[in-house]
Amino acid sequence: MSDLNNITESVIGGDAGQVVSLVQAEIDKGTNAGAILNDGLISGMDIVGEKMQSGDMFIPEVLMSAQAMAAAVEILKPLLGDEDNADSGTIILGTVKGDLHDIGKNLVRMMMESAGFNVIDLGVDVAPEKFVAAIQENNANIVALSALLTTTMPMMKQTIDSINESGLRDQVKILVGGAPVSQSFADEIKADGYAPDAGSASKLSKSMLH
Ligand code: B1M
């Protein structure tokens, strides 16, 4: 357990090399990949968030922590997906317009890909019309929207409104998630589903289509 605390501390310290070697050491010991992710890496980012809010960490330091986390997720990737790889459908994924957070979204992509979905990741700061164009171009089954800021949650509703206006709403299921999002918000904006984490986003996507 103290080793996972070391991972948490080194995420806060933003030392990517150290985080990667600590994570590799845990993998070699046989520690569960989900535990490394949740109790080591994400715990670190939660503390980074608190420090950011209280003014004890600034954006450049937060970015270093984010990069350290992303580097470690790369080596966890092969160990996190455990589902069969049948062709499950096409998902358009992105962080909504105005929002630059992508670590959670990238985890969602990873879990969806390992569940066999073809994921078209539009990245961050994605405008509603880009989601609409991507649904059309790829004949998508699901649109998955991520938001990390309370100020960008309304953009989820605007994106859904644009999908409605484009006449494509009946073709796709819409899934929303991200730290400030909740089931009641998802209901309010008439999304088809809400998932609290990357694993449940992938499971919910499967159940939406089958
Ligand atoms: Co930002 N930031 N940030 N930030 N940042 C938060 C979100 C914040 C909570 C920090 C805080 O103040 N405590 C706060 C938001 C407050 C609020 O709105 N309530 C905040 C703020 C204020 C800001 C800025 C406005 C700061 C400023 O400039 N003054 C600014 C906004 C920029 C913008 O987006 N326009 C900003 C900038 C940044 C950085 C660029 C420096 C960096 C992002 C780097 C990057 O993503 N590449 C950053 C970071 C790293 C954070 C924190 C510290 C960590 C986020 C993270 O990656 N967590 C964050 C505090 C926190 O979350 N504790 C914070 C780890 C990640 C695995 O979790 O993304 O929640 P998360 O994903 C989870 C679930 O939410 C879920 O699955 C994942 C787990 O499995 N999930 C989904 C996510 N998307 C999903 C989609 C789904 C389903 C589940 O279906 C589609």
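The values are calculated or read from the model by the stated rules, or taken from the named source; none is laboratory data. The model shown is predicted, which means the values in this text are computed figures rather than measured ones. Virtual Cβ from ideal backbone geometry, glycine too; neighbours counted across all protein chains shown. To get the accessible areas, we keep the full protein, side chains included, count just its heavy atoms, and leave off ligands, DNA and RNA. Shrake-Rupley method; radii C 1.70, N 1.55, O 1.52, S 1.80 Å.
Taken over the chain, the alpha-carbon convex hull comes to 115 cubic angstrom per residue. Using a cut-off of 22 Å between Cα atoms, the listed pairs Lys105/Lys173; Lys77/Lys130; Lys130/Lys206; Lys77/Lys206; Lys97/Lys206; Lys51/Lys97 include Lys77/Lys130; Lys130/Lys206; Lys97/Lys206; Lys51/Lys97 as exceeding that distance. With the charge dipole of the chain set up from +1 on Lys and Arg Cβ and -1 on Asp and Glu Cβ about the Cα centre, the Cα lying farthest toward the positive end among the listed residues Ile163, Pro128, Met64 is that of Ile163.
Extending 7 Å from Cα along the Cβ direction at Ser207 and again at Asn118 yields two label points whose distance is 2.6 nm. Can you give the local net charge around Lys97? Use residues other than it whose beta-carbon is closer than 9 angstrom to its beta-carbon, Lys and Arg +1, Asp and Glu -1. Residues close to Lys97 contribute a combined charge of -1. The angle separating the long axis of helix 43-53 from the principal Cα axis of greatest extent in the chain is about 80 degrees. Using the Cβ-Cβ distance between Lys77 and Asn6 with R0 set to 25 Å, the FRET efficiency from 1/(1 + (r/R0)^6) comes to roughly 0.75.
Only protein heavy atoms count here; under a 1.4 Å probe, Ser184 has an accessible surface of about 80 Å². Other residues within the sphere of radius under 12 Å centred on the Cβ of Val11, judged by their own Cβ, net out at -4 (K and R +1, D and E -1). Stretching the chain fully between Ile59 and Asp15 yields a gain of 14.3 nm (0.36 nm per residue, less the alpha carbon separation). Candidates Ser10, Pro78, Leu175 compared by Cα position along the dipole of the chain: farthest toward the positive end lies Leu175, with charges placed on Cβ.
Can you compute the helix-only [θ] at 222 nm over the chain? Use -39500 (n - 2.57) per DSSP H run of at least 4 residues, normalise by all residues, nearest 500 deg cm²/dmol. After summing the helix terms and dividing by residue count, I get -17000 deg cm²/dmol. The Cβ shell under 14 Å around Thr31 holds other residues with a net charge of -3, Lys and Arg each +1, Asp and Glu each -1. In this simple spin-label approximation, Met52 and Glu137 carry label points 7 Å from Cα along the Cα→Cβ vector, and these lie 2.9 nm apart. As a length-normalised measure over Cα pairs under 8 Å and 6 or more apart, the relative contact order of the chain settles at 16 percent. Within the full protein context, the accessible area of Val20 is estimated at about 50 Å² for a probe radius of 1.4 Å.
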